[in-house]
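Structure first, then comments.
The values are calculated or read from the model by the stated rules, or taken from the named source; none is laboratory data. Just so we're clear, the structure is a prediction, and the values are computed from it rather than from any experiment. Note that each Cβ is placed from the backbone with ideal geometry, even for glycine, and that neighbours are counted across all protein chains shown.
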């Protein structure tokens with residue numbers, strides 16, 4: 001039987017997943033919308049559908065969140081506090097139109113909440129945090145940048161003598177496929193974080209016995225919430241990624257999306273909860289840099305990178321604050 005606190009956590013998790021969907025829609029479709037390969041409506045519907053499918057495919061990242069971040073089974077109010085902190089951060093960064101990482105917002109908030117509630121650093125599995133969070137946090141954007149740069153250079157090398165109009169006409173079709181793969185990849189990594197949180201709450205509340213595996217109903221709830229959020233679109237952030245940072249053409253959009261999707265798929269297979277925001281943004285920077293450094297609006301890029309670095313410490317503080325306040329109420 002699900003108790004009241006577990007029900008509250010599930011509700012907060014669905015809200016977080018929904019916000020994650022519309023906050024991170026830009027990751028999947030910003031390039032295809034900005035290059036006018038797809039209309040906003042068509043791109044959003046495609047993204048929502050493939051986010052849903054991707055969310056049902058794997059549980060590697062969900063298992064990392066459910067049992068790899070904290071040691072032991074946390075009290076339920078710790079999980080609720082973490083979700084509150086992550087939701088506030090996502091809404092704040094959406095409001096100021098900065099593409100922040102929902103993944104690291106959730107993880108940072110969970111760490112801060114648990115440390116304040118227990119008064120101990122030992123509650124956090126720091127080895128897993130290093131292997132599954134910190135290293136992928138810094139390596140995945142770098143890899144995305146490098147692959148985006150190389151892919152774009154190879155396209156220039158092989159198609160340099162073909163007219164730009166012919167190249168873009170061809171890649172405007174291929175970019176639909178790359179946008180679809182990016183949307184699928186986003187669902188396969190991002191929706192799993194919420195699955196892991198709900199699974200953690202169900203174990204803490206005694207509803208299920210183990211964090212090994214995610215119940216099918218949890219998968220469906222998270223996939224649906226992510227898809228519904230995606231269907232609303234994150235137009236403020238789409239402009240930041242797809243227009244303000246670099247002026248993209250279809251061939252460049254294809255290179256950025258394909259590079260990003262490849263990195264995300266590898267990280268998902270490893271169970272690493274990476275930021276699709278970080279990866280697509282850095283891949284776009286790599287693609288732009290392959291043309292010339294001045295093609296990237298580095299002022300906008302700088303703001304994005306700064307947000308990457310402050311997300312975890314900022315959400316640790318938010319999680320800690322909510323944990324302190326909610327702890328006073330429940331105790």
Evaluate the following for residue 165: is it within 19 Å of the chain's Cα centre (by Cα) and surrounded by fewer than 20 Cβ atoms within 10 Å (Cβ to Cβ)?
no
Residue identified as at pLDDT 90 or above, surrounded by fewer than 24 Cβ atoms within 10 Å (Cβ to Cβ) and within 30 Å of residue 6 (Cβ to Cβ) among 208, 221
221
Being crowded, with 24+ Cβ neighbours inside 10 Å and over 18 Å from residue 198 (Cα atoms) narrows it down to one of 49, 32, so name that one.
32
Out of all the residues in the stretch 41-58, is one or more closer than 19 Å to residue 204 by Cβ and either in a helix (DSSP H, G or I) or out of contact with any helix residue (DSSP H, G or I) (no Cβ under 7 Å at 6 or more places or on another chain) (or both)?
no
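At pLDDT below 80 and outside any helix (DSSP H, G or I), is that true of residue 242? Even if it seems obvious, please write down each step before you answer.
Numbers: at pLDDT below 80: yes; outside any helix (DSSP H, G or I): no.
So residue 242 fails the test.
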Kindly indicate the residue of the stretch 284-301 that is touching a residue at least 12 places away in the same chain (Cβ under 8 Å) and assigned to a loop (DSSP other than H, G, I, E, B) and also surrounded by the most Cβ atoms within 10 Å (Cβ to Cβ) among those meeting that condition.
296
Which pairs have Cβ atoms under 7 Å, sit 6 or more apart or on different chains, and link a residue in the stretch 121-137 that is under 21 Å from residue 189 (Cα atoms) to one that is part of a helix (DSSP H, G or I) and at pLDDT 90 or above?
133/107; 136/267
I need every pair where a residue in the stretch 305-320 that is on the phi < 0 side of the Ramachandran plot and at pLDDT below 95 has its Cβ under 8 Å from the Cβ of a residue that is buried (at least 22 other Cβ atoms within 10 Å of the Cβ) and not in a helix (DSSP H, G or I), sequence separation at least 6 or different chains.
307/99; 307/100; 308/100; 308/101; 308/275; 311/100; 311/101
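In this structure, is residue 266 out of contact with any strand residue (DSSP E or B) (no Cβ under 8 Å at 6 or more places or on another chain), free of Cβ contacts under 8 Å to residues at least 40 places away in the same chain, within 20 Å of residue 183 (Cα to Cα) and surrounded by fewer than 22 Cβ atoms within 10 Å (Cβ to Cβ)?
In short, yes.
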Considering each of 109, 113, 140 in turn, give the residue that is surrounded by 14 or more Cβ atoms within 10 Å (Cβ to Cβ) and at pLDDT below 90.
140
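Suppose the filter is part of a helix (DSSP H, G or I), over 30 Å from residue 298 (Cα atoms) and in contact with a helix residue (DSSP H, G or I) (Cβ under 6 Å, 6 or more places away or on another chain); does residue 113 pass it? Give the steps one after another, and end with the answer.
Values: part of a helix (DSSP H, G or I): yes; over 30 Å from residue 298 (Cα atoms): yes; in contact with a helix residue (DSSP H, G or I) (Cβ under 6 Å, 6 or more places away or on another chain): yes.
So residue 113 passes the test.
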Identify, from the list 203, 142, 151, 146, the residue that is closer than 30 Å to residue 80 by Cα and touching a residue at least 12 places away in the same chain (Cβ under 8 Å).
203
Looking only at the stretch 68-82, decide whether some residue is under 22 Å from residue 266 (Cα atoms), in contact (Cβ under 8 Å) with a residue 12 or more places away in the chain and buried (at least 24 other Cβ atoms within 10 Å of the Cβ).
yes
With within 23 Å of residue 186 (Cα to Cα), modelled with pLDDT of 90 or more and in a helix (DSSP H, G or I) as the only criterion, which of 260, 281 stands out?
260
